[in-house]
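Here the structure is laid out as structure tokens; the discussion comes afterwards.
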Amino acid sequence: MSDRTMTRQVLLFISVLSLSSVHGQVSYSIPEEMVKGSLVGNIAQDLGLDIKRLKSGKARIYTGDSAEYIELNKERGVLLIKERIDREALCGQTTPCALHFQIILENPMEFYTITVEITDVNDNNPSFEKSDVQFKISESAVSGAKFMLDGAMDLDVGINGLQSYTLKPTDNFALKLHNQADGNKNVEMVLKKPLDREELEQISLILTAVDGGEPQLSGTMQILITVLDANDNPPVFTQHIYKATVTEHSPKGTLVTSVSASDADHGSNSKVTYSVRNTLDDVREMFDVNEDSGEIRLIGNIDYEKTRRFQINLRASDDGGLTDSCKVIVEVVDTNDNKPNINIMSKSNVISEDAKAGTVVTMINIQDPDSGDNVP
Ligand SMILES: [Ca+2]
Ligand SMILES: [Ca+2]
Ligand SMILES: [Ca+2]
Ligand SMILES: [Ca+2]
């Protein structure tokens, strides 16, 4: 109430007192939002006044500077709703909420104080400022990690106001509420089971706020979580041991075989690079692996007569440094690339014409480095 209003009311009060007396006080209690014309109370009866007296005394309502929500019907001697009363607009979160006004009569002047308490109706849902909120949470976040959420508002008061929250589903997160000094609650979402991007990359939860009215009203907010990748999976080769054959003297660049490793992670955490790990033999001079494709190609001269079998030790690494290894066994296939070498060990220079059949004439030794069918 402004100072000016206060002064006016005091002046009025004094002037009324000087001419008449205060005859009483009546209180009513009505719910908010009653329609225009609804009955507030039978004021003539409650004040013990005659309808005729109301008319002759020119009974009227005095509200000072306040809006007139209630009117006096002199014909019926009743107070009626003149304008819809919104408790929330009138009093906000203040309780109790009441209208105070006077009924003034003249000849002689009389003065009555009326109080109309406006009770709350549950006509507001708990509501969230935003319909959804987004989080990006790493799958490496540990249990107990907290995420602050914006609470809901309910304009009603008491039991019709905000009472509690629920969060669903409950697989990974639990709700934690903190009471604040102003009576509001801080809402926190607490990680109770670590996330797994490889299992679920997008999670949608619903935070529901409820009041305690009858019927109960609620409001919801969607919580959208994008699970960020952590490098928690190593590359894995499709086989531990690969087998391949290569024909000796195959040209350089010949594709021997391909290896492949997969990584369940995302982005660079899943980018696999292949490399040959042999150190003590000549495998690196013979074979090369494409670091991106896993294709193994010949880069040296394969000679069956030198090496019949190679073991290539391969490693797959992701960009985060996790690895797997495998072996590629390469069998060299022989080709007939060696002429038999014939050495005459001794021979008789002269063969007598009467030599008997079966006489050894020459001894030869045949050596062939080839194998199997390639030997004469
Ligand atoms: Ca209300
Ligand atoms: Ca409510
Ligand atoms: Ca990885
Ligand atoms: Ca991952």
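The values are calculated or read from the model by the stated rules, or taken from the named source; none is laboratory data. If you're wondering where the values come from, they're calculated on a predicted model, not measured in any experiment. No Cβ is skipped: glycine too gets one built from the backbone with ideal geometry, and neighbour counts run over all protein chains shown.
Given the criteria without any contact (Cβ under 8 Å) to a residue 40 or more places away in the chain and more than 16 Å from ligand 1 (Cβ to nearest atom), does residue 192 qualify? Before you say what the answer is, go through the steps one by one.
Working: without any contact (Cβ under 8 Å) to a residue 40 or more places away in the chain: no; more than 16 Å from ligand 1 (Cβ to nearest atom): yes.
No.
Taking into account only those residues within segment 225-246 that are more than 16 Å from ligand 4 (Cβ to nearest atom) and within 39 Å of the chain's Cα centre (by Cα), which is surrounded by the most Cβ atoms within 10 Å (Cβ to Cβ)? Let's see the steps before the verdict.
Taking segment 225-246 first, the residues more than 16 Å from ligand 4 (Cβ to nearest atom) are 237-246.
In the following step, the residues that additionally are within 39 Å of the chain's Cα centre (by Cα) were identified as 237-240.
Values: 237: 21, 238: 12, 239: 12, 240: 10.
Checking each candidate, the answer is 237.
If you go through segment 247-288 and pick out every residue that is within 35 Å of the chain's Cα centre (by Cα) and farther than 30 Å from residue 335 by Cβ, you end up with 13.
Of the residues that sit in segment 214-227 and are part of a loop (DSSP other than H, G, I, E, B) and in contact with a strand residue (DSSP E or B) (Cβ under 9 Å, 6 or more places away or on another chain), which one is nearest to residue 128 (Cα to Cα)?
Start the filter on segment 214-227 by keeping residues that are part of a loop (DSSP other than H, G, I, E, B), which leaves 214-217.
This time we only want the ones that are in contact with a strand residue (DSSP E or B) (Cβ under 9 Å, 6 or more places away or on another chain), so: 216-217.
Working: 216: 16, 217: 13 Å.
Going through the qualifying residues, I end up with 217.
Among the residues of segment 306-335, just one is among the charged types (D, E, K, R), modelled with pLDDT under 95 and buried (at least 16 other Cβ atoms within 10 Å of the Cβ), namely 334. One residue stands out among those in segment 252-305 that are over 16 Å from residue 316 (Cβ atoms) and among the polar types (S, T, N, Q): the one that is modelled with the highest pLDDT, which is 254.
Within segment 256-284, the set of residues being of a type in the set (A, V, I, L, M), surrounded by 15 or more Cβ atoms within 10 Å (Cβ to Cβ) and farther than 15 Å from residue 323 by Cβ comprises 256, 283. Among what's in segment 150-174 and is under 30 Å from residue 231 (Cβ atoms) and surrounded by fewer than 20 Cβ atoms within 10 Å (Cβ to Cβ), pick the residue that is farthest from ligand 1 (Cβ to nearest atom). Here the answer is 171.
Quick one: in segment 285-299, which of the residues that are hydrophobic (A, V, I, L, M, F, W, C) and not in a helix (DSSP H, G or I) is surrounded by the fewest Cβ atoms within 10 Å (Cβ to Cβ)? The qualifying residue surrounded by the fewest Cβ atoms within 10 Å (Cβ to Cβ) is 299.
Screening the candidates 143, 127, 131 for the property of being more than 16 Å from ligand 1 (Cβ to nearest atom), in contact (Cβ under 8 Å) with a residue 60 or more places away in the chain and among the small types (Gly, Ala, Ser) yields one hit, 131. Listed conditions (1) under 24 Å from residue 292 (Cβ atoms); (2) surrounded by fewer than 18 Cβ atoms within 10 Å (Cβ to Cβ) are all met by residue 208, apart from (1).
Return the only residue of 138, 143 being among the small types (Gly, Ala, Ser), under 16 Å from the mean Cα position of the chain (by Cα), within 22 Å of residue 198 (Cβ to Cβ) and more than 16 Å from ligand 4 (Cβ to nearest atom). Working first, answer last.
Details: 138 fails: more than 16 Å from ligand 4 (Cβ to nearest atom).
Checking each option against the conditions leaves just 143.
Considering only segment 265-288, I want to know if a residue exists there that is within 30 Å of residue 162 (Cα to Cα) and touching a Pro at 6+ places or on another chain (Cβ under 6 Å). Spell out how you get there, then give the answer.
Quick first cut of segment 265-288, residues within 30 Å of residue 162 (Cα to Cα) only: none.
The answer is no; no qualifying residue exists.
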